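Here is the structure we will look at.
Bear in mind these aren't lab numbers, they're just calculated from the coordinates by the rules spelled out. These numbers come from a predicted model, not from an experiment. Neighbour counts are summed over all protein chains in view; Cβ atoms, including those assigned to glycine, are modelled from backbone coordinates with ideal geometry.
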Amino acid sequence: MIDPSHTLFLNVALKNGHIMSRPRYEPEQEFIGNLIHELEQKDPDFAWIQFIFQQVDYSRQLMMLKNELLSYKRFAETPDVNEKDEPRRRKELDSEWYRTVELRCRKIDELMSSHQVLLGIQGMWVEKGEEAIHGISGPLRSAPIELGTFQSCRDELDSLAVFTYRNPRVLLELVRRRFVTDISWYFRKYSVSRMVPPSLILAAEDLGNYVQLPVGNITQHLSSLLPSEFDEEEHNGEFTTFGVGSGLQYGDNPYAIRRKEDQSSMPDLLSLPVVEPLAEIKTSKGNFYLSRMKTIPQIHQKLDAEAFSRLKHLPSPYTRSFELLYNKGRTSLLIGSADDRDLEAYKRFLVSIYGGFEFVEESVIPSCMRIVSRPEQSS
Amino acid sequence: MLEPILIVMYSPILQFFIIYLAAYRQELSRFLMPFHEHASTNEWRKVLKALGVEAILPEKGPEYGCNKRLILTFGITVILSVTIALTMVFVLQKTLQLPPLFRVALSILSQFIPATYCFAFISRWYLGPLPNPPKRMFLRYPRLGSRIRHLMEDD
């Protein structure tokens, strides 16, 4: 049974809509690790966060916006003339809008001088049943989801913010991996009545701040990344090698031992009914191809600067996705592309950076979506 | 037959449009492209059908449908408008010494009260939040995000 009153959809966008802003998370390379850690702490019934990106070229719109800002600056600096023909200082010179023109123009220059990528961050959040009963009054909850990891992504101009929705049509967008690719309208509205574009324009080298595997010390605290019940079943009970690069085997890992201890309290995911789509889902350009990381490497050391900088090659002309699924205390990472050959290239690229790990095919509606469409057995 | 001036004096229609033009002047098309959420159980049913997912939905979900509220608001607006109009007729009959232009203006202005009430409802439940003022560095938060402007209607 789907309970819409426990389900929220989200989109992460610029809080103040400064389109040229390039928010980033500090410390470097810890974004995904901290996001997973935050999910574990909040422990929703189900969370699905998509990072969808594509190479774009918004240079023309950026140039027009820069010209508009410079015109405003010139206007503000041109003295006004009063009734007695005496020059008078314009009040615009005291505005924050004027004071930040140069900073914004510099940001635009930085964007124009590099390859641009459009990044859409969107997702779904299902509250735990009991929280919804005790913590939320009534079926409509207007409070936004607090995800501090996103809100910590900032630069001198703007920061990220989570916008929440109740509209179930967002679910269609999530399943079809659609994100807003045409944000020209938001450029036109920038100085008139600013609206926040649902996608971010970033320089290609910024993408690695968001699309990355969990690395560093934080990985030692991420219990939701342990090998899943699926992996064990698929290997007929044999030791599942994971943590490629760490040299650890299943039996050696302290988290595996802890998981064994907690096994009795964990839900048996395989016993839940799987809801598969009746018809093949098409994206606007055709199929969307997805793979789930069967094992997530535990990399305790951050990538060196050279390897990290190679993440700027992540975007491609095809829409690609990097998805994080949190379902009953377990996190899975999915990658996808609108083209099957591009997906293979995407996989090879990630493996070349993070080391060897395996992928398995995943349905466009991830198998753990069963959580939101469970039958009415609980009632 | 009703004179146009009487409609303006004793109904809040023109006043409603004046308030709309003033409030949404930066985005006049908002009336045609309202910015609000649809999250009824019926909407969920359509989405699940499009996805080919079979699931049971609760009979009563979060309802954003505002039919009952709309009828109630419309009723209150009419009552307010008629009450104010009758009060104005009564008051103006007693004060015949007032100049005619002033009497007309007073009647027109008084109809802004029901118009404002009706507009507040329409704005909240249909049109969506007011556009942001130009050249502001910081925008109000939390607020409704722009993502729902781009939800596909092709399913």
Practice prompt. Shielding by partners for A:187-198, please: the mean number of other protein chain Cβ atoms within 10 Å of each residue's Cβ.
Written response: 5
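With a Förster radius of 22 Å, plug the Cβ-Cβ distance of A:MET64 and A:GLU110 into 1/(1 + (r/R0)^6) and report the FRET value to the nearest 0.05.
Taking R0 as 22 Å, the efficiency between A:MET64 and A:GLU110 is 0.85.
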Worksheet item: How far apart, in nm, are two points set 7 Å out from the Cα along the Cα-to-Cβ line at B:VAL78 and at B:LEU21?
Response: 2.7 nm
Practice prompt. Extending each Cα 7 Å along its Cβ direction at A:PHE349 and B:TYR126, get the distance between those two points in nm, one decimal.
Written response: 4.8 nm
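Step through the table entries A:LYS15/A:LYS302; A:LYS107/B:LYS135; A:LYS107/A:LYS302, compare each Cα-Cα distance with 22 Å, and write down the pairs that go over it. Before the final figure, lay out the partial values.
On the way: A:LYS15/A:LYS302 29 Å; A:LYS107/B:LYS135 18 Å; A:LYS107/A:LYS302 28 Å.
Where the Cα-Cα span goes over 22 Å, the pairs concerned are A:LYS15/A:LYS302; A:LYS107/A:LYS302.
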Worksheet item: Along the principal axes of its C-alpha atoms, what lengths does region A:1-137 span, in descending order and rounded to whole Å?
Response: 74, 39, 29
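Assuming R0 = 35 Å, what is the FRET efficiency of B:PHE90 and A:VAL192, from their Cβ-Cβ distance, to the nearest 0.05? Let's see the in-between values first.
On the way: r = 46 Å, r/R0 = 1.32.
My answer for the efficiency is 0.15.
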Response to the item:
Ranked from fewest to most other Cβ atoms within 10 Å of their own Cβ, A:ARG330, B:ARG45 fall in the order B:ARG45, A:ARG330
Item to complete: For region B:92-155 and region A:53-113, compute the distance between their C-alpha centroids and round to whole Å.
Response: 32 Å
Fill in: Value of [θ]222 nm, deg cm²/dmol, for chain B, DSSP H segments ≥ 4, -39500 (n - 2.57) each, nearest 500
-16000 deg cm²/dmol
Worksheet item: Given R₀ = 45 Å, FRET efficiency for A:GLU86-B:GLU3 by Cβ-Cβ distance, to 0.05?
Response: 0.30
Fill in: Fewest-first ranking of A:MET112, A:MET124, A:MET63, using other Cβ atoms within 10 Å as the exposure measure
A:MET63, A:MET112, A:MET124
Worksheet item: Of B:SER123, B:SER110, B:SER29, which is the most mobile in a GNM of chain B whose springs link Cα atoms less than 10 angstrom apart?
Response: B:SER29
Worksheet item: Most exposed first by the Cβ proxy, i.e. fewest other Cβ within 10 Å, how do A:VAL215, A:VAL175, A:VAL101 rank?
Response: A:VAL101, A:VAL215, A:VAL175
Response to the item:
Across B:124-134, the residue-averaged tally of Cβ atoms belonging to other chains within 10 Å stands at 2
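Determine the shielding of peptide B:43-51 by partner chains: average, over its residues, the number of Cβ atoms on other chains within 10 angstrom of each Cβ.
Per-residue shielding by partner chains comes out at 6.
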Practice prompt. Using a Gaussian network model of chain B whose springs link C-alpha atoms within less than 10 Å, name the residue from B:THR41, B:THR116, B:THR73 with the highest mean-square fluctuation.
Written response: B:THR41
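Where nothing but the Cβ of Lys and Arg (+1) and of Asp and Glu (-1) is charged, how large is the charge dipole of chain B around its Cα centre, in debye to the nearest 20? List each step's numbers first, then the result.
Values: 17 positive and 10 negative charges, 118 e Å.
The dipole of chain B has a size of about 560 debye.
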